[in-house]
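The values are calculated or read from the model by the stated rules, or taken from the named source; none is laboratory data. Note that the coordinates shown come from a computational prediction; the quantities given were computed from them, not determined experimentally. Reconstructed Cβ throughout: ideal geometry from the backbone, glycine too, with neighbour counts over all protein chains shown. For the accessible areas, the whole protein counts, side chains as well, though only heavy atoms, and no ligand, DNA or RNA atoms are used. Shrake-Rupley method; radii C 1.70, N 1.55, O 1.52, S 1.80 Å.
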Amino acid sequence: MSLELRYQAVVERIKKAPRPTKFNTNRVRLIAVSKTRSADDIRSIHELGQTAFGENYVQEALDKIRQLRSLPLEWHFIGSIQSNKTREIAAHFDWVHSIDRLKIARRLNDQRPAQREPLDVCLEVNISEQAGKSGVLLQQLPQLAEQVDQLPRLRLRGLMAIPQKATEFDEQRAIFRRMREALLDLNRQGLDLDTLSMGMSGDMEAAIAEGATMVRIGTDIFGPRTYP
Ligand SMILES: *Cc1c(COP(=O)(O)O)cnc(C)c1O
């Protein structure tokens, strides 16, 4: 299948995916995950109307951001964050989905260039409580959210997760429901979060059914990845 047909099929799936009743009108934004893909592939998808792209690796992303700087693209950092990369991320990205500790949030806050808008961020939650995986545990989420919310150069927008793989739709949904409940809990405590970044190629319908506002899709748009 061509890139164009794959992309259109994903857009259609998002359009048709049932929303939770309370959020029926929710717009779901598509983040095209372009890690390992060329600048030319990104340009082709942009020509079909896509503006938001997700990247995991800083150096690779910076090369593409530079090559494509004449286009009005929105860049989302979704990979794990090392302290020594925060300056580049703060300078070149519009969103960061993968904050899971205060130290990284503080560095991004301090390093966000003054001439740019505050950085939109999500906290990554280790929602399946997998050992050795990135993300904050639910018990520690309220405290981290309060602390990050205080940082003036960041705008805390919501939560992100990469759950443990599940093949059954109901099982996928149950995990995403925990994310929705966590977001509602934080808002009841006085935060004002509007973003649930959840759902990838294998589980986006389940994520949308539980209120995802952003889905991050790589494989179903670009085809299988081959790592160099
Ligand atoms: C690679 C990646 C995706 C996209 O995954 P696909 O299964 O290819 O759609 C989404 N989110 C994160 C954080 C990723 O690293």
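Just to be sure, is Val121 more than 19 Å from Arg19 (Cβ to Cβ) and not in a helix (DSSP H, G or I)? Show your work before the answer.
Details: more than 19 Å from Arg19 (Cβ to Cβ): yes; not in a helix (DSSP H, G or I): yes.
So Val121 fits the description; yes.
Residue count for region 131-151, restricted to those that are open to solvent by 20 Å² or more (accessible area, probe 1.4 Å), part of a helix (DSSP H, G or I) and closer than 11 Å to Ile99 by Cβ: 1. Against the criterion of being more than 16 Å from the ligand (Cβ to nearest atom), without any contact (Cβ under 8 Å) to a residue 40 or more places away in the chain and more than 15 Å from the chain's Cα centre (by Cα), Arg178 does not qualify.
Of all residues in region 56-80, those that are within 15 Å of Ile31 (Cα to Cα) and open to solvent by less than 10 Å² (accessible area, probe 1.4 Å) have Cβ atoms under 7 Å from Cβ atoms of residues that are modelled with pLDDT of 95 or more and of a type in the set (Ser, Thr, Tyr), 6 or more apart or on another chain, in Phe77/Ser98; Gly79/Tyr57; Gly79/Ser98. Would you confirm whether any residue within region 72-87 is modelled with pLDDT of 95 or more, under 22 Å from Ala212 (Cβ atoms) and of a type in the set (D, E, K, R)? Yes: one or more hits.
Name the one entry in Glu4, Glu74 that is closer than 25 Å to Ser201 by Cβ and over 20 Å from the mean Cα position of the chain (by Cα).
On the way: Glu74 fails: over 20 Å from the mean Cα position of the chain (by Cα).
Step by step, each of Glu4, Glu74 is checked, and only Glu4 is closer than 25 Å to Ser201 by Cβ and over 20 Å from the mean Cα position of the chain (by Cα).
Residue pairs whose Cβ atoms lie under 8 Å apart, separated by 6 or more positions or on different chains, with the first residue in region 33-47 and over 12 Å from Glu4 (Cβ atoms) and the second β-branched (Val, Ile, Thr), are Val33/Ile78; Val33/Ile217; Val33/Ile221; Ser34/Ile42; Ser34/Ile45; Thr36/Thr226. Scanning region 183-228 for residues that are surrounded by fewer than 21 Cβ atoms within 10 Å (Cβ to Cβ), more than 18 Å from Leu159 (Cβ to Cβ) and within 9 Å of the ligand (Cβ to nearest atom) returns Ser201, Gly202, Thr219, Asp220, Pro224, Arg225. Take the conditions (1) at pLDDT 95 or above; (2) out of contact with any Lys or Arg (no Cβ under 8 Å at 6 or more places or on another chain); (3) within 16 Å of the ligand (Cβ to nearest atom); Gln143 misses just one of them, which is (3).
Mind listing whichever residues of region 111-130 are of a type in the set (S, T, N, Q) and either free of Cβ contacts under 8 Å to residues at least 12 places away in the same chain or loosely packed, with under 14 Cβ neighbours inside 10 Å (or both)?
Initial filter on region 111-130 (of a type in the set (S, T, N, Q)): 111, 115, 126, 128, 130.
Answer for region 111-130, where residues must be of a type in the set (S, T, N, Q) and either free of Cβ contacts under 8 Å to residues at least 12 places away in the same chain or loosely packed, with under 14 Cβ neighbours inside 10 Å (or both): Gln115, Gln130.
Checking Thr36, Thr51 one by one, the residue that is open to solvent by 10 Å² or more (accessible area, probe 1.4 Å), within 13 Å of the ligand (Cβ to nearest atom) and not aromatic (Phe, Trp, Tyr) is Thr36 and no other.
In region 81-110, which residues are of a type in the set (Ser, Thr, Tyr), surrounded by 18 or more Cβ atoms within 10 Å (Cβ to Cβ) and farther than 25 Å from Gln164 by Cα? Walk me through how you get there before you give the answer.
Let us first name the residues in region 81-110 that are of a type in the set (Ser, Thr, Tyr), namely 83, 86, 98.
Now narrow it down to the ones that are surrounded by 18 or more Cβ atoms within 10 Å (Cβ to Cβ): 86, 98.
Within region 81-110, Thr86 is the sole residue that qualifies.
The residues of region 1-59 that are at pLDDT below 95 and among the aromatic types (Phe, Trp, Tyr) amount to a single one, Phe23.
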